[in-house]
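Structure record follows, encoded as structure tokens.
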Amino acid sequence: MSLDIAATKPHEQLAAALSDDLSAVNDMIRARMSSEHAPRIPEVTAHLVEAGGKRLRPMLTLAAARMCGYDGPYHIHLAATVEFIHTATLLHDDVVDESKQRRGRPTANLLWDNTSSVLVGDYLFARSFQLMVETGSMRVLDILANAAATIAEGEVLQLTAASDLATTEEIYIKVVRGKTAALFSAAMEVGGEIAGQDAATKQALYDYGDALGIAFQIVDDLLDYGGTTATGKNVGDDFRERKLTLPVIRAVAKADATERDFWVRTIQKGRQEDGDLDHAISLLAKHGTMESTRQDAIAWADKAKKSLSGISDHPLKTMLIDLADYVVERIT
């Protein structure tokens, strides 16, 4: 999801407040994505890393650490780690999804090839673990290693459930928690961990990241049917890729026999024709599933904000609360 169109942009406020840290993170990313023996690695990595991403996930780590009073060096390592994990998953996802566009630009697998994207993604995962180890914290390693495993698990679950009309809302949330929210929650939690916070504070940070990540992905899924190309993705990609996202799951549950036949043909069997996307959107509107899904996204954003209620007031806390509102702003 692109966070670039709004009158007030909390992610930009965060970036300004964390500008020195972000500069250090960017320096570390550039240094660690280099390769003495394989120049294609920095070529492929730079194509994605320098493509205008908002560094949202590493900013969560930096904000959590600073909000908790951390003044050491290792939040920079952890923020770079989070960005490397995220970039690696994007490289792999674009191969799996056969995507042609990412952040408004051609994908790495299109410009180079699938093999390069997969292997460079593997390299970034390896680099991320090197950075984790440098912090000297086994708990940090545990949090981020678990997140990396959960992300992969979520992607595999999506692979098996994506076109299955029996997929439930519960399974959908498990997929979202895996492929998206796991890195948000880990990014927040390691910020608290490196700052030496107590269990309750670290749980609050985790809960914020978890709820924010779920809201973030639900909005992304909504925009696939109701957004524009300005979001940085092709409208209708999820439909063409036969992914059962929440508004479709709910429409399938309410479908009559004729509508179910449509979903079986287009999603389950993948036999799509001209005009099918428009018809799918009309069915979502008929059953009100876009609106009900929108309400869910807002509820998750509210949960994220409430998660921080026990944490002491801090300018960065206010920005994180505003960020939760902003994530759902374009669908409200």
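Residues are listed down the side, and each one gets a yes or a no for (1) assigned to a loop (DSSP other than H, G, I, E, B); (2) within 20 Å of Thr293 (Cα to Cα); (3) out of contact with any Ser or Thr (no Cβ under 7 Å at 6 or more places or on another chain); (4) open to solvent by 30 Å² or more (accessible area, probe 1.4 Å):
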{"residue": "Asp164", "(1), (2), (3), (4)": "yes, yes, yes, yes"}
{"residue": "Gly178", "(1), (2), (3), (4)": "no, yes, no, no"}
{"residue": "Ala181", "(1), (2), (3), (4)": "no, yes, yes, no"}
{"residue": "Gly196", "(1), (2), (3), (4)": "yes, no, yes, yes"}
{"residue": "Lys202", "(1), (2), (3), (4)": "no, no, yes, yes"}
{"residue": "Trp263", "(1), (2), (3), (4)": "no, yes, yes, no"}
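How many residues does region 312-326 hold that are touching a residue at least 40 places away in the same chain (Cβ under 8 Å) and either part of a helix (DSSP H, G or I) or crowded, with 20+ Cβ neighbours inside 10 Å (or both)?
Step one: list which residues in region 312-326 are touching a residue at least 40 places away in the same chain (Cβ under 8 Å), which gives 314-317, 319-320, 322-326.
From what's left, either part of a helix (DSSP H, G or I) or crowded, with 20+ Cβ neighbours inside 10 Å (or both): 315-317, 319-320, 322-326.
Adding up the residues that qualify gives 10.
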## Note on the structure
Over region 162-205, the set of residues closer than 20 Å to Trp263 by Cβ and free of Cβ contacts under 8 Å to residues at least 12 places away in the same chain is Ala166, Glu170
### Task
Have a look at Glu273, Glu259, Glu329 and point out the one that is open to solvent by less than 50 Å² (accessible area, probe 1.4 Å), more than 19 Å from Tyr172 (Cα to Cα) and either out of contact with any His (no Cβ under 6 Å at 6 or more places or on another chain) or of a type in the set (Lys, Arg) (or both).
Glu259
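Checking the condition buried (at least 22 other Cβ atoms within 10 Å of the Cβ) and at pLDDT below 95, which residue from Gly154, Gly121 passes?
Details: Gly154 fails: buried (at least 22 other Cβ atoms within 10 Å of the Cβ).
Going through Gly154, Gly121 in turn, just one is buried (at least 22 other Cβ atoms within 10 Å of the Cβ) and at pLDDT below 95: Gly121.
Which residue, of Ala285, Ala280, is open to solvent by 40 Å² or more (accessible area, probe 1.4 Å) and either within 19 Å of Ile331 (Cα to Cα) or of a type in the set (Gly, Ala, Ser) (or both)?
Numbers: Ala280 fails: open to solvent by 40 Å² or more (accessible area, probe 1.4 Å).
The unique qualifying residue is Ala285.
Can you tell me which residues in region 24-71 are among the hydroxyl-bearing types (Ser, Thr, Tyr), within 20 Å of Ala186 (Cα to Cα) and surrounded by fewer than 21 Cβ atoms within 10 Å (Cβ to Cβ)?
Going residue by residue through region 24-71, those that are among the hydroxyl-bearing types (Ser, Thr, Tyr) are 34-35, 45, 61, 70.
If we keep only those that are within 20 Å of Ala186 (Cα to Cα) as well, we get 61, 70.
Tyr70 - this is the single residue of region 24-71 that is among the hydroxyl-bearing types (Ser, Thr, Tyr), within 20 Å of Ala186 (Cα to Cα) and surrounded by fewer than 21 Cβ atoms within 10 Å (Cβ to Cβ).
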### From Gly178, Gly192, Gly226, residue being in contact with a Lys or Arg (Cβ under 6 Å, 6 or more places away or on another chain) and within 21 Å of Ala301 (Cα to Cα)
Gly192
### Query
Across region 74-94, what is the number of residues that are open to solvent by 30 Å² or more (accessible area, probe 1.4 Å) and either modelled with pLDDT of 95 or more or of a type in the set (Val, Ile, Thr) (or both)?
1
### Query
Do we have Leu212 as in a loop (DSSP other than H, G, I, E, B), in contact (Cβ under 8 Å) with a residue 40 or more places away in the chain and in contact with a helix residue (DSSP H, G or I) (Cβ under 9 Å, 6 or more places away or on another chain) here?
no
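Output the residue which, of all residues in region 131-151 that are among the β-branched types (Val, Ile, Thr) and open to solvent by less than 20 Å² (accessible area, probe 1.4 Å), is nearest to Gln197 (Cα to Cα).
Val140
The values are calculated or read from the model by the stated rules, or taken from the named source; none is laboratory data. All of these numbers come straight from a predicted model, not from anything done at the bench. Positions of Cβ are backbone-derived with ideal geometry, glycine not excepted, and every protein chain shown enters the neighbour counts. These accessible areas exclude ligands, DNA and RNA; they are computed on the full protein's heavy atoms, side chains included. Shrake-Rupley method; radii C 1.70, N 1.55, O 1.52, S 1.80 Å.
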